[in-house]
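Notes follow the structure.
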Amino acid sequence: MTAEFAALPVVDLRSDTVTRPTPAMLAAMTEALVGDDVYDEDPTVRRLEEAAAARFGLEAGLFCPSGTMANQIAIKAHTEPLSEVICEQTAHVYLWEVGGIAFHSGASVALLAGNRGRLTAAQVEAAIRPENLHYPTTRLVCLENTHNRGGGSCYGWDDLAAISDVARQYGLARHLDGARIFNALVATGQRGEDYGQLFDSISVCLSKGLGAPVGSVLLGSADFIKKTKRIRKVMGGGMRQAGYLAAAGLYALEHHVTRLADDHRRAARLAAVLRQQPYVTEVLDPETNLVIFQLHERVPAAAFLAHLAQQGIRASSFGPQWIRFVTHLDVDDQMLARVEATLLSMEEEPMGAEKNG
Ligand SMILES: *Cc1c(COP(=O)(O)O)cnc(C)c1O
């Protein structure tokens with residue numbers, strides 16, 4: 001780290017999961033009323049589950065330790081062995097959950113190539129298996145909004161409604177991986193309350209853009225959530241005085257949703273700066289808080305990341321020449337200015353494979 005930046009905090013653009021609870025969130029956590037949630041006796045967990053369900057027009061919620069667990073519980077509840085899940089080929093539930101659909105549910109996956117992760121109703125309809133002894137039975141359509149690998153892309157309401165209609169028509173369940181659903185709502189102006197009409201279940205992450213330290217909430221009908229509670233238990237996800245964690249989620253729902261617009265503005269700013277750099281060949285239009293871009297072939301991703309690290313900036317590589325920047329609660333305008341200055345300075349001193357040996 002150079003002397004100039006040595007005393008400055010690290011700007012961590014790797015993910016929106018890296019945030020620390022704010023002092024006000026920590027205060028809400030320490031003041032939480034708690035009980036044993038496996039005995040159904042934690043009032044704060046109950047409040048969080050109810051508040052989250054109400055936000056999405058669904059009846060009930062289940063507080064889970066992670067988004068991965070929330071998604072995998074939902075998939076298991078909607079399917080059985082020898083059935084099939086339709087999802088996009090880079091969907092988190094397929095690509096980044098350790099093959100959990102096969103492991104937990106014994107289900108097959110029909111993978112579709114989306115437009116930045118977004119599927120169409122026609123694609124979904126074409127992937128539904130006709131009845132045939134040789135085929136798995138299509139049971140579930142799983143969408144992701146915003147789409148992580150798609151660079152924080154958002155579905156338009158009409159496209160979601162069309163997919164939901166097709167699924168309903170064929171008797172399929174509909175699950176939404178809403179790890180970043182609040183980013184989508186803030187960016188598009190869609191209402192969370194309307195989502196309950198389109199999906200049987202939704203997972204909502206509290207530990208990404210909302211800034212809570214731990215947890216996701218799985219939402220659905222009262223009957224569905226009753227069923228999922230047993231699956232959470234067998235996965236080892238029954239938690240005891242979890243109200244301390246739920247309190248962070250409740251605080252986040254109340255205080256950290258509208259501010260996501262600041263993250264989106266900062267992501268747009270980073271994209272605009274990146275577009276002007278000769279060492280950047282492509283930048284996916286940032287719709288929310290993720291900026292995915294491709295480096296020129298003369299700039300190895302490892303060298304680029306090392307150069308950022310020298311200035312106290314962290315980012316992640318997302319494929320051979322691709323980098324992802326994520327804006328979040330712990331990235332402010334001052335930090336953004338530092339990132340901009342660093343990106344501009346690289347233009348003057350281009351990095352190269354030769355130079356970096
Ligand atoms: C992060 C993420 C999840 C779940 O992540 P956990 O780390 O298990 O909480 C699920 N879906 C998407 C799209 C994500 O980005």
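The values are calculated or read from the model by the stated rules, or taken from the named source; none is laboratory data. Predicted, not measured: the structure shown is a model, and the values here were computed from it. Cβ sites come from the backbone with ideal geometry, for glycine too, and all protein chains shown count toward neighbours. All accessible areas refer to the heavy atoms of the entire protein, side chains included, with ligands and DNA or RNA removed. Shrake-Rupley method; radii C 1.70, N 1.55, O 1.52, S 1.80 Å.
Heavy atoms only, probe 1.4 Å: what % of the accessible area of region 207-281 goes to carbon and sulfur, would you let me know? Carbon and sulfur atoms account for 52 percent of the accessible area of region 207-281. Amide H contacts for Ser216 (H built 1.01 Å from N in the peptide plane; partners 5 or more residues away or on another chain; cut-off under 5 Å): Cys64, Ser66, Leu206.
Equivalent-ellipsoid semi-axes for the chain (Cα gyration tensor, √(5λ), whole Å, largest first): 36, 26, 17.
Based on protein heavy atoms only, the chain ends up with 43 Å² per residue of surface accessible to a 1.4 Å probe. Absence of a disulfide-compatible partner, taken as no other cysteine beta carbon within less than 4.7 angstrom, is noted in the chain for Cys64, Cys154, Cys205. Separation between the Asp165 and Thr281 pseudo-spin-labels, each 7 Å from Cα along Cα→Cβ, expressed in nm? Rounded to a tenth, the inter-label distance reads 4.1 nm. Close amide H pairs (under 5 Å, H built 1.01 Å from N) link Glu88 with Leu112, residues at least 5 positions away or on another chain. Counting only DSSP H runs of at least 4 residues, each contributing -39500 (n - 2.57), and dividing by the residue count of the chain, the helix-based mean residue ellipticity at 222 nm comes to -12500 deg cm²/dmol. Once R0 is set to 56 Å, what does the formula 1/(1 + (r/R0)^6) return for the Cβ-Cβ distance between Ala51 and Ala306, expressed as a FRET efficiency to the nearest 0.05? After rounding to 0.05, the efficiency reads 0.80. Toward the positive end of the charge dipole of the chain, with +1 on the Cβ of Lys and Arg and -1 on the Cβ of Asp and Glu, the farthest Cα among His307, Gly156, Val18 is that of Val18. Spatially, region 37-96 and region 97-124 are offset by 17 Å when compared through their Cα centroids.
Taking amide hydrogens as placed 1.01 Å from N in the peptide plane, the amide H of Ala179 sits under 5 Å from those of Asn145, Cys205, each at least 5 positions away in sequence or on another chain. Measuring r between the beta carbons of Glu41 and Ala272 and using R0 = 56 Å, the FRET efficiency lands at 0.65.
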